[in-house]
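Report on the structure given below.
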Amino acid sequence: MQELLQQLANGIAWGSIYALIALGYTMVYGILRLINFAHGDIYMVGAFAAYYLARLTNAGGANPSPALALAILLGSMLICALLGVAMEYFAYRPVRKSSRLTALITAIGVSLFLENLGIRLFGADPKFFPQLIAPRSISLGGVMVTNHQITVVIVSVLLMVSLSLFIQRTRTGKAMRAVSFNRDAASLMGIPVNRIITITFAIGSALAAAAGVLVGLTNPKIEPLMGIMPGVKAFVAAVLGGIGSVPGAVIGGLLMGVSEYLVVGYLSSTYRDAIAFVILILVLLVKPAGLFGRNIAEKV
Amino acid sequence: MIRRNGTAYLAVLLGFALAAVAGCAKQSNEIPVGVYGSLTGTTATFGISSKQGIELFIEGVNQAGGVAGTKVRLIIEDDQSKPEEAATAVQKLIDQDGVVAVLGEVASSRSMAAAPICQQAGVPMITPSSTNPKVTELGDYISRVCYIDPFQGMVIAKFARQTLGLAKAAVLRDNKNDYSVGLANYFTESFHAMGGTVVVDEAYSEGDQDFKAQLTVIKAKRPDFIMVPGYYTEVALIARQARELGITVPLLGGDGWVSDRLLDIAQDALNGSYFVSHYWEKDPNPAIQKFVADYRARYNSTPDALAALAYDAAGVLVHALEALNEEDAAAFKTLIGPRGDKQTAARAKLRALIAGTKDYPGVTGRITLDAKRNAVKTATFLGIKDRQYEFVAVVEP
């Protein structure tokens, strides 16, 4: 029983990371109907941005400071928000009027570009993320969790709650929902569609960066290709939750994290990555719209 | 516009031609030796240490006038810690650079990817530190200067069972890695034979970041120690995550732990753990101390066991080249001369001389190759205490 609880606790912390990445997928898809395959690589850039910021500010090591850790998190989110905006402006905007396939292939191109640029700039060998917060293990009735895992869950929850408040309560959020509902109609109502799309990319990329920093905190090994697998899994999480749905992305991410831990814990580590694709196939067979997705007939 | 392009084109062509001429001119009065290793990627320190060990030895040889008056030229290729890149690198060394012999790799999976290419081309390959027995079974052109995993696994089992008096082992192996799977199996076999039991056998894949699921299963089985026959990056992360889950038992492992990054990553998590290595840098033996001092002077760092083995691998190769020149100067001339059919026979002679290495005085001990071209050598047990390595014991074969 305790073993199961331990696996669940680890799975939830890990799943929060997937949830943060999945949010970016789902937001961009909701607005542009584009699967942004470069999203996982933004997460990688987020981790590296934090790594270099930490080196620049001499964070971690002997005197870890939570305030500095927060500053590094925000700095990395800002850098990735700018990167996301640039990516949209230079890569996706020119092909927005073309077919969806063109945009999809562009996304794969951007993804490969970021990965190889990462290898060029950061080097192919793994880097070790500094200890921004001193690690401590806490026993909750025999279940061991670290303060890092707790930080991951708390920061993720805070970000997710503020995101849904933003979407539901602000004018910009309302505009985002309008663009997602019908881009042309929104444009006719005077909503600046381009600006809304830019904001969506900025927020989605900032969330991916946050995921990258949090992963660096708990699993301190970062490398330029680290975004591929989490990117794919977060994409499956978004599909599982219903792509385009914000609460769906969160639930999908957590389910992915927990199922991965249960598979490794009770079956075999060989199936760790396979489970994501099994889930994807099952969702597509049984409920293609996902858990929280709306089934809308495509107009032909 | 067209004219400018034309001129640029000509300049490029001329450049290529000059480079080609320079390349040819260089080859005729040097001995080209190929080196491939993981200079980048998950096991970057393996490749860097090996490269530095080889370079140190060859620089010494060249300063003393080379082999029979001919300098050795190293051509070094990076395989990015990937087996498929190792195969490509060795193919390039043989086809394009025309090397007389190849030195590398550390990881058995990568040596096994490159070995068939060397065997096919009839180019002798010496691996400094691949310990999986299958490596030299791939062909008679493949040799090594280190011990093999059945011995290493037995040594770890014996140390755990008899020296530490532990009975219940957990194994956490890297399923994608020939070295790790082999060492885990040999350990399990020996540990069972000595009356111990393996209570749980879990696996991960090289490159994984998170091992908590496996460690949670291991924790529930309450082993006396965890055998982790992996490479340093994963070992250090496993150690950290084990401590985070409240697992306090020692970790044991093999020579895949050897890296100056191990304790940087693991911090305090490996205190109280033990592993097998190939030599001990503070050994008072003057030959070892001279090597350590030379290495420090050249690279400003302490040579690890992989640097020492690479130094010895280069030594065995140079020794064989010298012997070839003494026994059959004509064959030596053919070997290092322009490429031709006769080189095959000369390389076969070089191969036989490498395979016949006897009592070569290396820094990792006396090297004698057995019938399967494996070195029979002692293993050195090291412990970790307060983030420092300490010598524990030497085990005779």
Value at 222 nm in deg cm²/dmol, rounded to 500, when DSSP H runs of n ≥ 4 in chain A each add -39,500 (n - 2.57)
-23500 deg cm²/dmol
Selected from B:T233, B:N175, B:S273, residue furthest toward positive end of dipole (the range B:149-277; charges at beta carbon)
B:S273
Dipole of the range A:11-226 [Lys/Arg +1, Asp/Glu -1 at C-beta], most positive-end residue of A:I12, A:S137, A:I222
A:I12
Expected integer from the mean partner chain Cβ neighbour count at 10 Å over A:215-224 is 4
Given +1 on the Cβ of Lys and Arg, -1 on the Cβ of Asp and Glu, and no further charges, what dipole in debye does the protein assembly as shown carry about its Cα centre, rounded to the nearest 20?
2420
Send over the semi-axes of the range A:11-226's equivalent ellipsoid, whole angstrom and largest first, taken as the square roots of 5 times the C-alpha gyration tensor eigenvalues.
32, 21, 14
Please rank B:W280, B:W257, fewest neighbouring Cβ atoms within 10 Å first, as an exposure proxy.
B:W280, B:W257
Treating only Lys and Arg (+1) and Asp and Glu (-1) as charged, each at its beta carbon, one finds that chain B has a dipole about its Cα centre, in Debye to the nearest 20, of 300
Sorting A:L20, A:L214, A:L254, A:L291 on the 10 Å Cβ count, fewest up front, what's the list?
A:L291, A:L254, A:L214, A:L20
In whole angstrom, and with the biggest value first, how far do the Cα coordinates of the range A:158-255 range along each principal axis?
48, 24, 23
Here, GluC sites (Glu not before Pro) of the range B:234-299 satisfying both criteria (DSSP loop; at most 14 other Cβ within 10 Å) are none
Gyration tensor (Cα only) of the range B:149-277 to equivalent ellipsoid, semi-axes in Å sorted down, yields 20, 16, 14
Order the peptides B:342-352, B:30-40 from the highest to the lowest mean number of other Cβ atoms within 10 Å of their residues.
B:30-40, B:342-352
Surpassing 20 Å at the alpha-carbon level, of the pairs B:K219/B:K385; A:K221/B:K212; B:K71/B:K333; A:K221/B:K82; B:K176/B:K212; B:K134/B:K358, are B:K219/B:K385; B:K134/B:K358
In debye, nearest 20, what is the charge dipole magnitude of the range B:311-397 about its Cα centre with +1 on Lys and Arg Cβ and -1 on Asp and Glu Cβ, if you could check?
340
Normalized C-alpha radius of gyration of chain B, against 2.2 N^0.38 Å?
1.06
Volume per residue of the C-alpha convex hull in the protein assembly as shown, rounded to whole Å³:
197
Quarter of the Cα convex hull surface for the range B:209-297, i.e. its orientation-mean projected area (nm²):
6.6
How large is log10 I(q)/I(0) at q = 0.18, 0.21, 0.23 Å⁻¹ when the Debye formula is applied to the Cα atoms of the range A:62-164, each weighted equally and without solvent?
-1.09, -1.19, -1.24
Given points 7 Å out from each Cα along the Cα-Cβ axis, report the A:I105 to A:L56 separation in nanometres with one decimal.
3.7
CD proxy at 222 nm, helix term only [per DSSP H run n ≥ 4: -39500 (n - 2.57); per residue of chain B; nearest 500]
-15000 deg cm²/dmol
Pair B:H192, B:K333: separation of 7 Å Cα→Cβ label points (nm)
6.0
Each residue of A:272-279 has, on average, a number of other protein chain C-beta atoms within 10 Å of its C-beta equal to 1
What spacing in nm lies between the two simple spin-label points modelled at B:D294 and A:L74, each 7 Å away from Cα in the Cβ direction?
5.7
Which order do peptides A:96-109, B:202-215 fall in by mean Cβ count within 10 Å, highest first?
B:202-215, A:96-109
Using the per-residue mean of other Cβ atoms lying within 10 Å as a proxy for protection, in what order, highest first, do the peptides A:9-15, B:295-301, B:367-373, A:261-267 fall?
A:9-15, A:261-267, B:367-373, B:295-301
Per-residue average of Cβ from other chains inside 10 Å of A:123-130:
6
Where does the range B:263-388 land on Rg/Rh, using Cα atoms and the Kirkwood Rh?
1.11
What is the distance in Å between the Cα centroid of the range B:278-308 and that of the range A:97-170?
42
State which helices in chain B qualify, where a helix is a whole DSSP H run, it must extend 30 Å or more along its own axis by its Cα atoms, and its mean Kyte-Doolittle hydropathy must be at least 0.5.
B:2-27, B:305-327
Counting other C-beta atoms within 10 Å, which of B:T248, B:T233 has the fewest, and how do the rest follow?
B:T248, B:T233
Part-to-part distance (alpha-carbon centres) for the range B:126-194 and the range B:244-277, which is given in Å:
17
Roughly how far apart, in whole Å, are the Cα centres of the range A:21-57 and the range B:35-51?
31
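Coordinate-derived values only; no laboratory data. Note that the structure is a prediction, hence the values are computed from the model and not measured. So basically every Cβ, Gly included, is an ideal-geometry build from the backbone, and we count neighbours across all protein chains shown.
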